[in-house]
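Novice: This is the structure, below, for whatever I ask next.
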Amino acid sequence: MAHENKPRWIILLFLGVLAALGVVATAAYLKTPIAQTANPTLSVDVKADRHPISPDIYGMNDYALEPALARKLRIPVERWGLITPAATTG
């Protein structure tokens, strides 16, 4: 029965120490510099196997895309899987 009535201050102290450790660890992480490349090298192989770009990659990430705007911008697909009327018009 004595174990059921643990003082709450012990639990609060433990949570406070745990939170303080989290703050210290986060501060240390944020102060660590991130390695960056000043001038990354980019190379393109123009003789590589080529294929048309899939029309399925074009679209817009917006769950509330207005149909009129989709037609005006010729957005063929909303990223949530809906085919807009713009896909069927020229």
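Novice: For residues that are of a type in the set (Gly, Ala, Ser) and more than 21 Å from the chain's Cα centre (by Cα), scanning just the stretch 40-90, find the one that is modelled with the highest pLDDT.
Specialist: Applying the filter and picking the extreme gives Ser43.
Novice: Something else: I'm trying to understand the selection: among the residues of the stretch 33-54, which are within 30 Å of Pro76 (Cα to Cα) and either open to solvent by less than 100 Å² (accessible area, probe 1.4 Å) or outside any loop (DSSP other than H, G, I, E, B) (or both)?
Specialist: Result: Val46, Ala48, Ser54.
The values are calculated or read from the model by the stated rules, or taken from the named source; none is laboratory data. Computed from a predicted model, the values in this text were never measured in an experiment. SASA here: full protein model, heavy atoms, side chains in, ligands and nucleic acids out. Shrake-Rupley method; radii C 1.70, N 1.55, O 1.52, S 1.80 Å.
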